Amino acid sequence: EITSLLSLCGGQFSSEQEIRVNSPFWILNIPSEEMARGLMKRTVCAKSVFELWGHGRSAGELYASLKNYPVDKMLPYLQSSSTYKVHIHTFNKTLTQAQKIKKIDALEFLPFKGKVNLKNPEHIFWILEDYGIDPNNVPEDPLCLYFGRWIADGQRELIESYSVKKRHFIGNTSMDACLSFIMANHGRVKPNDVVYDPFVGTGGLLISSAHFGAYVCGTDIDYNTIHGLGKASRKNQKWRGPDENIRANLRQYGLEKYYLDALVSDSSRPIWRKGMLFDAIITDPPYGIREATRRTGSQKETVKSAERSTENHIFVSSSYHLSDIFFDLLKFAAEYLVMGGRLVYWLPIYRPEYTEEIIPRHPCLELISNCEQMLSSHTSRRLITMEKVKEFKDQDQNSHLLDGQYMPYRGHNSFREKYFSGVTKRIAKEEKDNQK
């Protein structure tokens with residue numbers, strides 16, 4: 001998420017930083033404080049950003065680093081007319097109040113001239129101490145120390161204010177608010193973009209994009225969901241109410257002006273005219289037993305079910321293999337994304353058999369990131385982010401990229417088809433076991 005936002009807002013990871021796995025503190029090179037604030041207006045992963053004045057592996061190294069920091073950069077925040085306070089944050093360790101005061105007093109060599117104000121200071125300075133990530137093996141001294149001026153906090157409060165529990169219209173698999181915002185940030189969604197979800201469901205992913213000022217639309221094969229009809233997913237509610245729909249969700253958050261529309265459509269048969277371009281495609285394809293994988297089919301095909309809505313709308317649906325879903329999704333993204341636009345979607349995997357080889361590829365799309373969310377000891381899903389780097393041509397119609405070679409993607413003997421068949425069965429089994 002941070003890497004995507006840096007490419008959108010400006011900045012990069014510092015070359016001076018020693019990359020330590022799962023470190024809670026990162027050093028970034030950001031050209032201006034304004035850009036840093038812009039970054040924090042988007043992120044739900046980062047907690048705060050600071051102007052770094054000094055850091056080191058020990059208290060002595062930290063103090064030496066602070067003494068080398070240019071005084072002219074410090075003075076605007078240390079004037080006698082200003083107020084300040086110093087806050088201490090320790091990761092993986094709790095300090096007593098006496099220990100905190102001792103650490104603050106050790107900074108007396110800094111030219112603070114203002115008055116201390118603990119309730120409403122003009123400037124807040126932080127001492128950050130990293131004691132590793134193992135709670136059973138906490139070192140006596142911190143692994144690294146940082147000192148800096150607080151600039152801004154991230155958007156963690158969005159997770160609560162957009163919580164699915166408080167949402168007017170929900171489904172069986174409505175996306176968690178935190179993950180929705182992370183996906184929008186991976187897609188580098190910005191004001192006036194047009195964002196599309198081909199498996200829109202109850203529109204949870206549209207809300208986060210609309211929050212960042214993008215115009216949103218989607219399609220889904222489920223007539224009842226699009227029209228807000230049928231059985232409700234909320235506990236102790238039998239049927240959906242008259243105003244339970246995607247538009248009502250955006251209205252709930254004051255985002256209705258960004259809502260374009262949601263259409264009943266089969267994602268395997270795109271309805272958009274040529275030249276219709278989206279800035280981002282952000283979606284969560286169906287898998288498991290709570291959301292069936294279906295597509296429209298004729299009577300000549302193997303019919304799985306015939307469904308009838310309360311509006312006498314009838315269609316025939318046939319099975320839609322998971323590998324075909326991803327094939328169609330990548331082909332659609334390659335054709336309908338703007339150049340530099342991003343596709344962000346979830347890919348279910350079976351961890352013991354997972355290799356990067358099974359990730360679907362397309363010659364027009366470059367893999368940007370691949371992040372894992374654990375679901376169980378054996379299954380997980382990966383958030384895949386891809387960027388359009390090449391214009392779509394007719395020869396790309398039925399191709400994907402594997403080990404640098406173009407070759408047919410769709411096919412019953414494909415190892416991906418066999419793999420995803422197994423994934424679907426395992427996820428369905430685990431869901432049934434959980435229900436029991």
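Tabulated data for the structure shown
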{"quantity": "The stretch 235-263, residues that are farther than 19 Å from Ile207 by Cα and either open to solvent by 60 Å² or more (accessible area, probe 1.4 Å) or not polar (S, T, N, Q) (or both)", "calculated": "Lys235, Asn236, Lys238, Trp239, Arg240, Gly241, Pro242"}
{"quantity": "Strands (runs of 3 or more DSSP E) completely within the stretch 306-388 that count 2 or more residues being modelled with pLDDT of 90 or more", "calculated": "337-350, 365-374, 379-388"}
{"quantity": "Search result, residues across the stretch 1-23 that are aromatic (Phe, Trp, Tyr) and either open to solvent by less than 30 Å² (accessible area, probe 1.4 Å) or modelled with pLDDT of 95 or more (or both)", "calculated": "none"}
{"quantity": "Of all residues making up the stretch 139-166, the number that are over 17 Å from the mean Cα position of the chain (by Cα) and open to solvent by less than 30 Å² (accessible area, probe 1.4 Å)", "calculated": "9"}
{"quantity": "Condition broken by Lys113, with the remaining ones in (1) surrounded by 14 or more Cβ atoms within 10 Å (Cβ to Cβ); (2) assigned by the TED database to the domain that holds Phe25; (3) part of a loop (DSSP other than H, G, I, E, B) satisfied", "calculated": "(1)"}
{"quantity": "Test: residue in the stretch 197-214 that is outside any strand (DSSP E or B) and of a type in the set (D, E, K, R)", "calculated": "no"}
{"quantity": "Among (1) in a helix (DSSP H, G or I); (2) open to solvent by less than 10 Å² (accessible area, probe 1.4 Å); (3) modelled with pLDDT under 95 - the single one Phe169 does not satisfy", "calculated": "(1)"}
{"quantity": "Residue tally, condition of a type in the set (Phe, Trp, Tyr) and out of contact with any Phe, Trp or Tyr (no Cβ under 6 Å at 6 or more places or on another chain), over the stretch 194-235", "calculated": "3"}
{"quantity": "Subset of the stretch 53-65 (residues that are in contact with a helix residue (DSSP H, G or I) (Cβ under 9 Å, 6 or more places away or on another chain) and open to solvent by less than 30 Å² (accessible area, probe 1.4 Å))", "calculated": "Trp53, Gly54, Gly56"}
{"quantity": "Of residues in the stretch 78-107 being out of contact with any strand residue (DSSP E or B) (no Cβ under 6 Å at 6 or more places or on another chain) and of a type in the set (A, V, I, L, M), the one nearest to Asn136 (Cα to Cα)", "calculated": "Leu95"}
{"quantity": "Qualifying positions in the stretch 24-66 - aromatic (Phe, Trp, Tyr) and at pLDDT 95 or above", "calculated": "Phe50, Trp53, Tyr63"}
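For every residue, the table says whether it meets (1) over 29 Å from Phe112 (Cβ atoms); (2) under 34 Å from the mean Cα position of the chain (by Cα).
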{"position": "Phe13", "(1), (2)": "yes, yes"}
{"position": "Pro24", "(1), (2)": "no, yes"}
{"position": "Ala36", "(1), (2)": "no, yes"}
{"position": "Cys45", "(1), (2)": "yes, yes"}
{"position": "Pro76", "(1), (2)": "no, no"}
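The values are calculated or read from the model by the stated rules, or taken from the named source; none is laboratory data. Not measured: the values here are computed from a predicted model. Positions of Cβ are backbone-derived with ideal geometry, glycine not excepted, and every protein chain shown enters the neighbour counts. Just the protein is used for accessible areas: all its heavy atoms, side chains included, with ligands, DNA and RNA removed. Shrake-Rupley method; radii C 1.70, N 1.55, O 1.52, S 1.80 Å.
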